[in-house]
1. With a sphere of radius 14 Å drawn around the Cβ of residue 196, what net charge do the other residues whose Cβ falls strictly inside it have (Lys, Arg +1; Asp, Glu -1)?
2. Fully extended, how many nm does the chain gain between residue 71 and residue 165 (0.36 nm per residue separation, minus their Cα-Cα distance)?
3. Looking only at 144, 211, 20, which one moves most when the chain is put into a Gaussian network model with springs between Cα atoms under 10 Å?
4. Which one is right for this structure if Rg and Dmax of the Cα atoms in Å is calculated from it: (1) 18.5, 62; (2) 16.0, 46; (3) 18.3, 59?
5. Cβ under 13 Å from residue 68's Cβ, residue 68 left aside: what net charge do those residues give with Lys, Arg +1 and Asp, Glu -1?
6. Just to be sure I understand: with springs between alpha-carbon atoms less than 10 Å apart, which residue in 161, 120, 213 has the highest mean-square fluctuation in the Gaussian network model of the chain?
7. Pulled fully out, how much extra length does the chain show between residue 105 and residue 18, if you take 0.36 nm times their separation in residues and subtract their Cα-Cα distance?
8. Counting only helical runs of four or more DSSP H residues, what would the 222 nm mean residue ellipticity of the chain come to if each run contributes -39,500 (n - 2.57) and the total is spread over all its residues?
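The numbers here are math on the coordinates, done by the rules we state, and not lab data. Small disclaimer: the values here were computed from a predicted structure and weren't measured. As a convention, Cβ positions derive from the backbone with ideal geometry for all residues, glycine included, and neighbour counts pool all protein chains shown.
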Amino acid sequence: MFKYDLHAHSCECSACAKSTVKEMVKAYKRAGYAGFVLTNHFITGNTSVDRNLPWDEQMSRYWSAVSDMRNYAAKLDIDLLFGLEHYYGGGKEVLIYGIDYDFLVKNSDIPNISVDELAARVHDYGGFIAHAHPFRIRPYINPTVPNRFDICDGIEVYNAANFSVENDAAARWNEENGLVPISGSDCHDARSNLIGMAGIEFNRRVRDERTLARLLLERQGWLIIDGVAR
């Protein structure tokens with residue numbers, strides 16, 4: 001069986017992250033994972049990428065955080081996959097899987113379009129969207145801004161950085177509404193004990209972004225919750 005974390009950050013693109021991609025790769029190797037998805041905060045959120053750069057260069061910073069480290073990760077037998085955490089307002093965010101550099105470059109109007117339009121384009125591209133930590137309670141999150149489950153394929157029913165009451169609320173909501181459940185650590189630091197707590201266990205290796213999106217849509221795998229696949 002092969003474990004993958006679906007929600008991780010690095011300091012190359014996430015302003016709140018403490019570790020480099022290389023450090024994260026080594027940490028996931030030590031934790032026994034087959035790979036992880038680097039879901040850095042995108043350009044509308046808590047990014048460390050200079051928004052004054054030309055669009056192509058901004059997108060290159062995101063993509064190269066993964067592509068430049070893939071050979072290193074492969075030597076450690078780690079599958080390093082690309083994803084994004086997109087902020088759509090009020091502290092609310094969605095996780096995007098199954099897209100690549102070409103998608104980003106061709107959609108240079110992303111900062112100016114609605115999350116509905118972005119979701120439509122991601123789906124047309126064969127991607128997968130999950131709501132990140134939808135019931136998280138924090139000072140920066142506006143509870144009056146609605147969760148956009150209507151544009152999502154899945155929901156993060158377990159986020160290792162959440163409190164139990166927040167994850168329980170997400171799990172209860174999904175029991176009633178039936179989106180694809182996913183699990184992620186939301187790790188920002190290679191030294192964190194969040195690594196090992198979350199993700200999905202597949203019965204096969206996941207070598208590329210499109211395969212990941214397809215497997216999620218097919219509801220393949222077992223959720224890792226509190227470090228246990230179930």
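1. Details: positive: 3, 26, 29, 30, 191; negative: 5, 186, 189, 201, 226.
Its environment carries a net charge of 0.
2. Numbers: separation 94, 0.36 × 94 = 33.84 nm, distance 3.97 nm.
Extra length from residue 71 to residue 165 when fully extended: 29.9 nm.
3. 144
4. (2)
5. Values: positive: 22, 61, 70; negative: 12.
Spelling it out: positives minus negatives among the neighbours equals +2.
6. In the Gaussian network model the winner is 120.
7. On the way: separation 87, 0.36 × 87 = 31.32 nm, distance 2.71 nm.
Full extension from residue 105 to residue 18 adds 28.6 nm.
8. On the way: 7 runs with 68 residues, N = 230.
Dividing the helical sum by the residues of the chain leaves -8500 deg cm²/dmol.
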